[in-house]
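To keep things clear, I will list the structure first and then write my remarks on it.
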Amino acid sequence: QVQLVESGGGLVQAGGSLRLACAASGRTFSSSAAGWFRQTPGKEREFVAGITWGGGTTGYADSVKGRFTISRDNAKSTVYLQMNSLKPEDTAVYYCAAGSLLRKLRLGLAEYWGQGTQVTVSS
């Protein structure tokens, strides 16, 4: 059992920055990959970024490349999403997720999900 708790969401002006954190507790050994998704009302959940626990390999949605950076601190069992140059279109509920394989996680096939944190970008 793994519990994921997100933090860092909030309201920010366009062009600003936020850093989301996802703290994992419980049995995290099998969760070799972690990532972030986002969802807005009426839209399907969208993959944002992912990272492997072992090798540090990362992947990003095209819409956030160059603006968002995912990172990890295994000692703290925490995954971060640094969001820079935020745009109103980034407004969404952001969810942390964890799973065994990044390629599956990217498809939304996660083993664990956080509760979500709201990110609102004003223009």
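The values are calculated or read from the model by the stated rules, or taken from the named source; none is laboratory data. This one's a predicted model, so the numbers in the text were calculated from it and none came from an experiment. Side chains included, ligands, DNA and RNA excluded: accessible areas come from the protein's heavy atoms. Shrake-Rupley method; radii C 1.70, N 1.55, O 1.52, S 1.80 Å.
For a quick check of understanding: with a 1.4 angstrom probe and all protein chains in place, what accessible area in square angstrom does residue 47 have, to the nearest ten?
Estimated to the nearest 10 Å², residue 47 gives 20 Å².
Which values, in whole Å and largest first, are the semi-axes of the equivalent ellipsoid of segment 1-121 obtained as the square root of 5 times each eigenvalue of the Cα gyration tensor? Don't skip to the end; give the middle numbers.
Numbers: eigenvalues 95, 38, 37 Å².
After diagonalising the Cα gyration tensor, the semi-axes are 22, 14, 14 Å.
What number, in nm² with one decimal, is the all-direction average of the projected area of the convex hull of the alpha-carbon atoms of segment 61-123?
So the mean shadow area of the Cα hull is 4.9 nm².
Suppose a student asked you for the relative contact order of the chain, using Cα pairs under 8 Å spaced at least 6 residues apart; what percent would you report? Spell out each step's value before the answer.
On the way: 320 pairs, mean separation 43.7, N = 123.
Relative contact order, the chain: 36 percent.
Using a 1.4 Å probe on the protein heavy atoms only, what accessible surface does residue 60 show? Give it in Å² to the nearest 10.
Surface accessible to solvent at residue 60 totals approximately 40 Å².
Regarding segment 1-57, what's the average projected area of the Cα-atom convex hull, expressed in nm²? Provide the component values of the computation, followed by the final result.
Working: hull surface 21.5 nm².
Quarter of the Cα hull surface area: 5.4 nm².
Determine the order of 113, 36 by accessible area, beginning with the largest, at a probe radius of 1.4 Å. Working shown, then result.
Working: 113 80, 36 0 Å².
Order by accessible area, largest first: 113, 36.
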